[in-house]
1. Given the options E302, E234, E238, E250, name the one that is surrounded by fewer than 21 Cβ atoms within 10 Å (Cβ to Cβ), touching a residue at least 24 places away in the same chain (Cβ under 8 Å) and under 24 Å from G92 (Cβ atoms).
2. Being assigned to a loop (DSSP other than H, G, I, E, B), surrounded by 14 or more Cβ atoms within 10 Å (Cβ to Cβ) and either modelled with pLDDT of 50 or more or of a type in the set (S, T, Y) (or both) is the requirement here; does P89 meet it?
3. Which of the residues that make up the stretch 141-171 are small (G, A, S) and either modelled with pLDDT under 95 or out of contact with any strand residue (DSSP E or B) (no Cβ under 7 Å at 6 or more places or on another chain) (or both)?
4. Criterion first (modelled with pLDDT of 95 or more, open to solvent by less than 50 Å² (accessible area, probe 1.4 Å), over 14 Å from W245 (Cα atoms) and among the small types (G, A, S)) does S287 satisfy it?
5. Is there any pair with a first residue in the stretch 264-284 that is modelled with pLDDT of 95 or more and a second that is part of a helix (DSSP H, G or I) and open to solvent by 40 Å² or more (accessible area, probe 1.4 Å) whose Cβ atoms are under 6 Å apart and which are 6 or more apart or on different chains, and what are they?
6. Test A151 against the criterion of being open to solvent by 80 Å² or more (accessible area, probe 1.4 Å) and not acidic (D, E), and give yes or no.
7. Failed condition for V181, given (1) over 26 Å from D272 (Cα atoms); (2) open to solvent by 10 Å² or more (accessible area, probe 1.4 Å), with all others met?
8. Looking at (1) modelled with pLDDT of 95 or more; (2) open to solvent by 40 Å² or more (accessible area, probe 1.4 Å); (3) assigned to a loop (DSSP other than H, G, I, E, B), can you tell me which one D255 breaks?
Amino acid sequence: MSHSTTPRRGVLAAVAVILAGCTGSGDPEADSSDDSEPDEQPGPDDGTDDSDGGDDEPIDREEHVPDRDVEPNWDTAATFRKWLLFESPIDGGNRRFDYTESFPDDVDLSAVLPAFSELTIDDVDGHLVQGFTQVFFGSFDADAIAGDAEADDDAKVVGEYEGYAVVSEVMPDGQERTLAVGADAIVIGDDYEARIDARHGDGERLEDVDPEFTHLFGQLPHEGTITGEYDAPEGVLEIDEIYLWGVSSESPMADEMAWVFVMEHADDLTEDLLADLEDVSSDVSDSSIDGRTAILTGAPPEMSEAEPGESAD
């Protein structure tokens, strides 16, 4: 198969979203007709595309969860997992999430961090994107940030939710967005209440509904940079048998990555299918099958000089 410039960018989606300037309101009606971030280039790996495409009826994900006996240990689970929601802004969506704890030196967060504050990339310990929502993790002075909002002409504190100050901010392009500012996180998105509830164990988390994601996290060896979603990585692998998949690495630009593909049925995962899955990497160093799960380790897909979204022969 031909490799595109987008597969590695898929692993870098948390960074690509920033570079794309995802400063929208978080309102699907206002920003986009699908579940991708505003102003992103279309493609399989450039954010959080939850649309299924075609004229088929939306998939009822909750009705198709396989029976796996595994539960998350929330006491030891990475914090970002507690903020992931099963609910999708698009019916039958793929629940795409992208998380990273590090950024290339040339990444500028000024377009997405609160413009009314003095926050910089050095204040951010991690960044999560799922659906139209972003979550910045760190140790923040929430009272000071709320005070900055009150003193700014384009922002105001409009309420409070479970200890988080709710701020409305008008962006340079005139769009309004909602932020929930707390000591541990800044949530940018209209579903901040559901995110905060999930964080505190009072809402429906992704793993509470589908333990396949708990299994996925247990198989991925890295916590620094992680992407996951239902179905195959569109435009990269055309394999209908994939139930969900994920990829992780130590950092967005790491030389080695780990991919995990979970099938709905063990009979689907043959040696021939494993060979097809290996097309996801430019140089697979190891691959194995464990029941319904395929695990691959290797180099990132080859980067070409083609424009984003174009394939390289």
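The values are calculated or read from the model by the stated rules, or taken from the named source; none is laboratory data. Everything quoted here is computed from the prediction, not taken from an experiment. Cβ sites come from the backbone with ideal geometry, for glycine too, and all protein chains shown count toward neighbours. Each accessible area value is taken on the protein alone, full model and side chains, heavy atoms only, with ligands, DNA and RNA left out. Shrake-Rupley method; radii C 1.70, N 1.55, O 1.52, S 1.80 Å.
1. Numbers: E302 fails: under 24 Å from G92 (Cβ atoms); E238 fails: touching a residue at least 24 places away in the same chain (Cβ under 8 Å); E250 fails: under 24 Å from G92 (Cβ atoms).
The match here is E234.
2. Values: assigned to a loop (DSSP other than H, G, I, E, B): yes; surrounded by 14 or more Cβ atoms within 10 Å (Cβ to Cβ): yes; either modelled with pLDDT of 50 or more or of a type in the set (S, T, Y) (or both): yes.
In short, yes.
3. Step one: filter the stretch 141-171 for residues small (G, A, S), giving 142, 144, 146-147, 149, 151, 155, 159, 163, 165, 168.
Once the filter is applied, which keeps residues that are small (G, A, S) and either modelled with pLDDT under 95 or out of contact with any strand residue (DSSP E or B) (no Cβ under 7 Å at 6 or more places or on another chain) (or both), the stretch 141-171 yields A144, G147, A151, G163.
4. Values: modelled with pLDDT of 95 or more: yes; open to solvent by less than 50 Å² (accessible area, probe 1.4 Å): yes; over 14 Å from W245 (Cα atoms): yes; among the small types (G, A, S): yes.
Answer is yes for this residue.
5. Taking only residues 6 or more apart or on different chains, the pairs are V284/E278.
6. Working: open to solvent by 80 Å² or more (accessible area, probe 1.4 Å): yes; not acidic (D, E): yes.
Yes.
7. Every listed condition holds for V181 apart from (2).
8. All conditions pass for D255, except number (1).
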